[in-house]
Structures are given as structure tokens and as C-alpha cells.
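Here is the structure we will look at.
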Amino acid sequence: MGTPRVLILGHSFIRRLHDFIEGDSRHLDLRFHLTASALISWHGVGGRTIAKTVKFDLHILHSFRPDIVIVQLGTNDVTSCSLLQVGSAIEDFVHLLCDLYGVKGVCVCQTIHRRSGVVFNQRVDILTRYLRVFLEPIPYATYWGHRGFWRARNSFFSADGIHLNSRRQYKLYRSLRGAVLESLRVFTNDGNH
């Protein structure tokens, strides 16, 4: 396959993390310090739903031609659609990326809880269970659960209670790095894919 091309695609969490990494003084790297292992590109736009991503952002697939896409979407969908619609839209999006754009592997990342959204967080938990089941049989799809996010203290959130403060940005960075490494392992080294 040569050097795999990895696209990190999502909504405001991805845009904010990208900006945080660029301004970080602890030497975080937009390529996750994997320069020799992969080419990595970021595309995050605030407010993105799955439908808006399909409508407005697929041009990045034409220009970057990723082998692997790490997807951080669903948060904005959970607030406005039924969970069945959200889960089905994510599943359809995975198929679209692979069938139409030739992506070899898609890693769908877990939707992140909010500080004070009991109903929202319950819906996220149901969506998590749905996606684990429905993505599991798709050979070119994996599900990535963000570790260390679920027993979070309020101090991990920014003032809006939705986005992440700097401490949590470091956790998201490490988690996405793990998703990239796992995707590279699964989709470039596994003979079954």
C-alpha cells in the first residue's frame, strides 16, 4: 500500500483539537509523531452532522485520497435525530467512504459525553452499543471507544459544558493517536483486510 494516508474527520472536537495541537507548548504533533508510518490530514468543522459532512466535506476525500478515515461524528446528530437514524447514518457513511471513495478502513470513534446532559449521555451510551454491534461484521470498519472519558469530572469540560478543556484535549489527543495506531495495524498489517 505504500505509506498509508490517514484522514481525521469530524466536527468541532476535531477542529478544536487541531487548533490546540498547533498552539501546544508540550510538543504535540499533528502527525502524532508517526511521520514515517503515515501521512495524516485533519478536517474538522464545527456543527457538522453526518448529513452535512456528506453534503459539504467529501471534497477532502478527492484531494487527500485517504486509505484510512478516523471519524469523530454523531454528537450533533444525537441532539436532533433518533438514535436509529444516527446509527444508520454512520453505518451508511462507512459504506459510502469505502464503496465510493476506495477507503480501505474506517475507524468510528465514540461520541463523547457532556458535563450536564443526563439524557444526552444516556442516548450516547445507547448509540455506543448500537454501533459496536452493527459495525462489528463490516470487515473494513472498527469502533474506537475513547478511554478515560466516562467518569470525567466537570473540570475536564470548557465553560460551555460540551467542549473539552486543555486537560481533556490531551486525553483526546492520546486516544485519537491510539485509534490511528490501531487502524494502521488492522488495515495495513492484517491479511484479512
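Out of V124, V180, which single residue is in a helix (DSSP H, G or I), at pLDDT 90 or above, among the β-branched types (V, I, T) and under 13 Å from the mean Cα position of the chain (by Cα)? Full working, then the answer.
Working: V124 fails: under 13 Å from the mean Cα position of the chain (by Cα).
On inspection, the qualifying residue turns out to be V180.
Answer yes if at least one residue in region 19-27 is surrounded by 22 or more Cβ atoms within 10 Å (Cβ to Cβ), at pLDDT below 95 and either of a type in the set (A, V, I, L, M, F, W, C) or more than 21 Å from T188 (Cβ to Cβ) (or both), and no otherwise. Checked against the condition, which is being surrounded by 22 or more Cβ atoms within 10 Å (Cβ to Cβ), at pLDDT below 95 and either of a type in the set (A, V, I, L, M, F, W, C) or more than 21 Å from T188 (Cβ to Cβ) (or both), region 19-27 yields no hits at all.
Within region 131-157, how many residues turn out to be modelled with pLDDT of 85 or more and either crowded, with 17+ Cβ neighbours inside 10 Å or hydrophobic (A, V, I, L, M, F, W, C) (or both)? Please lay out each step first, then the result.
Filtering region 131-157 for residues modelled with pLDDT of 85 or more gives 131-146.
Filter again for either crowded, with 17+ Cβ neighbours inside 10 Å or hydrophobic (A, V, I, L, M, F, W, C) (or both), leaving 131, 133-135, 138, 140-144, 146.
Summing the residues that are modelled with pLDDT of 85 or more and either crowded, with 17+ Cβ neighbours inside 10 Å or hydrophobic (A, V, I, L, M, F, W, C) (or both) in region 131-157 gives 11.
Listed by first and then second residue, the pairs linking a residue in region 34-52 that is among the hydroxyl-bearing types (S, T, Y) to a residue that is buried (at least 20 other Cβ atoms within 10 Å of the Cβ), with Cβ atoms under 7 Å apart and 6 or more places separating them unless they lie on different chains, are S41/L7; T49/N76; T49/D77. When residues in region 1-28 are screened for being part of a loop (DSSP other than H, G, I, E, B) and either touching a residue at least 12 places away in the same chain (Cβ under 8 Å) or over 26 Å from V103 (Cα atoms) (or both), 10 of them pass. The one condition from (1) assigned to a loop (DSSP other than H, G, I, E, B); (2) modelled with pLDDT of 95 or more; (3) charged (D, E, K, R) that R31 does not meet is (2).
Would you please name the residue that is nearest to the chain's Cα centre (by Cα), looking only at residues in region 73-112 that are among the small types (G, A, S) and under 27 Å from K171 (Cβ atoms)? Working first, answer last.
Taking region 73-112 and keeping what is among the small types (G, A, S), we get 74, 80, 82, 87-89, 102, 105.
With the extra rule that they be under 27 Å from K171 (Cβ atoms), the set shrinks to 74, 80, 87, 89, 105.
Numbers: G74: 9, S80: 19, G87: 14, A89: 15, G105: 13 Å.
Going through the qualifying residues, I end up with G74.
Residues of region 28-70 that are closer than 30 Å to S82 by Cβ and surrounded by fewer than 12 Cβ atoms within 10 Å (Cβ to Cβ): G47, K55, F56, H59.
The values are calculated or read from the model by the stated rules, or taken from the named source; none is laboratory data. Worth saying up front: this structure is predicted, and the values here are computed from it rather than measured. Here Cβ is always computed from backbone atoms with ideal geometry, including for glycine, and neighbour counts include all displayed protein chains.
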